[in-house]
Amino acid sequence: MNYEAFFESALATLRDERRYRVFADLERITGRFPHALWHSPQGPRDVVIWCSNDYLGMAQHPKVIGAMVEAAARMGTGAGGTRNIAGTNHPLVVLERELADLHGKPAALVFTSGYVSNQTGIPTIAKLLPNCLLLSDALNHNSMIEGVRQSGCEKQIWRHNDIGHLEELLKAADLSRPKLIMFESLYSMDGDVAPVHAICDLAERYGAMTYCDEVHAVGMYGPRGGGICDREGVMQRIDVLEGTLAKAFGCLGGYIAASKAIIDAVRSYAPGFIFTTALPPAICAAATAAIRHLKTSSWERERHQNRAARVKSVLNAAGLPVMPSATHIVPVLIGDAEKCKSACDMLLAEHSIYIQPINYPTVPRGMERLRITPSPYHDDALIDRLAEALADVWDRLELPTRKQAMAAE
């Protein structure tokens, strides 16, 4: 039996479909964000990163780095094991208190990643609710989809952000049956926002719990960075708020914030929490420093929105097909997997601009795109250079312009 052949065949399928992923070897240099070193086949080259989820550059903030270095020097690098075996390192206790305060909830629970917090949190909650019906937005992240799948509960998918369809499904369900509505506050591929008030209204009317994924919004929206639900004043109406420490907070890890009973139940029953080594003290200290800073500093959020608006304006003026987005996500439609990959290769090799292609299954076939994420540190000159480089690539690959894309719609 040639086992290797099975794996080679699977990889060949990805290559044929232009879905094979190539990772750039990048070295981020403290103090130079968004610049980085690309270790190319021809040697190190300076590039500008335009697709990082370190949205606010907090991974290189002096307070965050200082907190990590101090904690590592004082307490070492590892957590020593799971929290059940090794106990909970004190910086993790402090971090969970900080997260609960951020979201106005009585308690919070930290996981090793945002993916794990959804993948293990959702099924744990659902299994503890007898005969639970899961109602999931059609564009929810893969981690939420996996959480639904692992729950074994009945699921119903409601059309993306379609409140009417969600109400139809809720009406058809037994009013006395436990129900969990799951959605994201901000969808990271299109940059659109959920109708959070309307979802909460329906949840209350039909006796459902709500689970909101805020990973692309925490730190970036709301007066203290609590996310879209913070900005919209609905945090108290959401039963479970899920977030990440790896994007706007510049660190690593995921979490949920909720009532004490929900958090204690997940802590006690979730295998993805119980059997996993805890985050190290240094990571926890760094994340806490980032959260505390963004609770009181609005400069990063205001500058970030300013930069995103300027990128959209400049790219639209250049005739590029910028997809509508009311948030910091700037998607630029290409609509062809091979050309999407070619565009990214050209930008990196010829213009020293790093943007990863977004292809199927992350987005539907025919909706391949560049997903541009400005930061507070992308200045006007970098934005102008990006527009010039994209215009050059669009022309050479004969990609659709904004006018052509609008006509096709």
| request: Can you tell me which residue within segment 1-33, out of those that are touching a helix residue (DSSP H, G or I) at 6+ places or on another chain (Cβ under 9 Å) and hydroxyl-bearing (Ser, Thr, Tyr), is nearest to LYS63 (Cα to Cα)? | output: THR30
| remark: Being in a strand (DSSP E or B) and either at pLDDT 95 or above or surrounded by fewer than 24 Cβ atoms within 10 Å (Cβ to Cβ) (or both) narrows TYR255, TYR221 down to just TYR255
| Does segment 381-404 hold any residues that are modelled with pLDDT under 95 and open to solvent by less than 20 Å² (accessible area, probe 1.4 Å), and which are they? | LEU399
| said: Cβ-Cβ distance below 7 Å, separation of 6 or more or different chains: which pairs start in segment 266-279 with a residue that is under 17 Å from ASN89 (Cβ atoms) and at pLDDT 95 or above and end on one that is open to solvent by less than 60 Å² (accessible area, probe 1.4 Å) and charged (D, E, K, R)? | reply: ALA278/ARG83
| field | Among residues of segment 9-48, those that are closer than 24 Å to VAL363 by Cβ, free of Cβ contacts under 8 Å to residues at least 40 places away in the same chain, open to solvent by 90 Å² or more (accessible area, probe 1.4 Å) and over 23 Å from the mean Cα position of the chain (by Cα), counted | value | 2
| request: Among the residues of segment 134-158, write down those that are part of a loop (DSSP other than H, G, I, E, B), in contact with a strand residue (DSSP E or B) (Cβ under 7 Å, 6 or more places away or on another chain) and small (Gly, Ala, Ser). | output: ALA138
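Report yes if some residue within segment 367-374 is under 26 Å from THR13 (Cα atoms), assigned to a loop (DSSP other than H, G, I, E, B), without any contact (Cβ under 8 Å) to a residue 60 or more places away in the chain and open to solvent by 20 Å² or more (accessible area, probe 1.4 Å); otherwise report no.
Initially, segment 367-374 is screened for residues under 26 Å from THR13 (Cα atoms), giving 367-371.
From what is left, the residues that are assigned to a loop (DSSP other than H, G, I, E, B) are 367-368.
Narrowing further to those that are without any contact (Cβ under 8 Å) to a residue 60 or more places away in the chain: 367-368.
With open to solvent by 20 Å² or more (accessible area, probe 1.4 Å) added as a condition, the list becomes 367.
Yes: segment 367-374 contains one or more residues that are under 26 Å from THR13 (Cα atoms), assigned to a loop (DSSP other than H, G, I, E, B), without any contact (Cβ under 8 Å) to a residue 60 or more places away in the chain and open to solvent by 20 Å² or more (accessible area, probe 1.4 Å).
Residues of segment 142-173 being acidic (Asp, Glu), over 22 Å from HIS197 (Cβ atoms) and either open to solvent by less than 50 Å² (accessible area, probe 1.4 Å) or within 24 Å of the chain's Cα centre (by Cα) (or both), which ones? Please lay out each step first, then the result.
We begin by selecting, within segment 142-173, every residue acidic (Asp, Glu); these are 146, 154, 162, 167-168.
Checking which are over 22 Å from HIS197 (Cβ atoms) leaves us with 146, 154.
If the condition is that a residue be acidic (Asp, Glu), over 22 Å from HIS197 (Cβ atoms) and either open to solvent by less than 50 Å² (accessible area, probe 1.4 Å) or within 24 Å of the chain's Cα centre (by Cα) (or both), then GLU146 is the only one that fits.
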| So which residues in segment 224-252 are open to solvent by less than 10 Å² (accessible area, probe 1.4 Å), on the phi > 0 side of the Ramachandran plot and either over 14 Å from the mean Cα position of the chain (by Cα) or among the polar types (S, T, N, Q) (or both), if there are any at all? | GLY225
| remark: Selection from segment 340-358 of residues in contact with a Cys (Cβ under 6 Å, 6 or more places away or on another chain), modelled with pLDDT under 95 and open to solvent by less than 40 Å² (accessible area, probe 1.4 Å) yields PRO357
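Got a sec? Which of HIS378, HIS304 is out of contact with any Gly (no Cβ under 6 Å at 6 or more places or on another chain), assigned to a loop (DSSP other than H, G, I, E, B), within 18 Å of ILE49 (Cα to Cα) and modelled with pLDDT of 95 or more? Steps first, please.
Values: HIS304 fails: assigned to a loop (DSSP other than H, G, I, E, B).
On inspection, the qualifying residue turns out to be HIS378.
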| query | Hey, among the residues in segment 280-316 that are out of contact with any helix residue (DSSP H, G or I) (no Cβ under 6 Å at 6 or more places or on another chain), in contact (Cβ under 8 Å) with a residue 60 or more places away in the chain and aliphatic (A, V, I, L, M), which one's most open to solvent (accessible area, probe 1.4 Å)? | reply | ILE283
| said: Of everything in segment 81-93, what is open to solvent by 30 Å² or more (accessible area, probe 1.4 Å) and touching a residue at least 60 places away in the same chain (Cβ under 8 Å)? Give them in sequence order. | reply: ARG83, ASN84, ALA86, THR88, HIS90
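Restricting segment 174-195 to residues that are over 24 Å from the mean Cα position of the chain (by Cα) and of a type outside the set (Ser, Thr, Tyr), which is most open to solvent (accessible area, probe 1.4 Å)?
LEU175
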| ALA79, sole failed condition from (1) out of contact with any Pro (no Cβ under 6 Å at 6 or more places or on another chain); (2) assigned to a loop (DSSP other than H, G, I, E, B) | (1)
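Do the conditions hold for ALA337, that is, is it closer than 22 Å to ILE372 by Cβ, open to solvent by 10 Å² or more (accessible area, probe 1.4 Å) and of a type in the set (A, V, I, L, M)?
Values: closer than 22 Å to ILE372 by Cβ: yes; open to solvent by 10 Å² or more (accessible area, probe 1.4 Å): yes; of a type in the set (A, V, I, L, M): yes.
Against the criterion (closer than 22 Å to ILE372 by Cβ, open to solvent by 10 Å² or more (accessible area, probe 1.4 Å) and of a type in the set (A, V, I, L, M)), ALA337 qualifies.
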| note | In the set ALA100, ALA86, ALA108, the lone residue that is small (Gly, Ala, Ser), at negative phi and over 21 Å from the mean Cα position of the chain (by Cα) is ALA86
| task | Please list, ordered by first then second residue, the pairs with beta carbon atoms under 9 Å, 6 or more apart or interchain, first in segment 132-153 and at positive phi, second not hydroxyl-bearing (Ser, Thr, Tyr). | result | GLY152/PRO123; GLY152/ALA126; GLY152/LYS127
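When the residues of segment 162-181 are narrowed to those that are part of a loop (DSSP other than H, G, I, E, B) and not hydroxyl-bearing (Ser, Thr, Tyr), which ends up nearest to GLY147 (Cα to Cα)?
First pass over segment 162-181, keeping only residues part of a loop (DSSP other than H, G, I, E, B): 162, 173-178.
Now drop any that are not not hydroxyl-bearing (Ser, Thr, Tyr), which leaves 162, 173-175, 177-178.
Working: ASP162: 22, ALA173: 21, ASP174: 23, LEU175: 24, ARG177: 20, PRO178: 17 Å.
Taking the candidates together, the pick is PRO178.
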| said: Quick check on my filter: what residues within segment 56-74 are surrounded by fewer than 22 Cβ atoms within 10 Å (Cβ to Cβ) and in contact with a Pro (Cβ under 7 Å, 6 or more places away or on another chain)? | reply: GLY57
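The values are calculated or read from the model by the stated rules, or taken from the named source; none is laboratory data. Bear in mind that the values here come from a model prediction, so they are computed numbers and not experimental data. Glycine gets a Cβ as well: all are built from the backbone with ideal geometry, and neighbour counts include every protein chain shown. Side chains included, ligands, DNA and RNA excluded: accessible areas come from the protein's heavy atoms. Shrake-Rupley method; radii C 1.70, N 1.55, O 1.52, S 1.80 Å.
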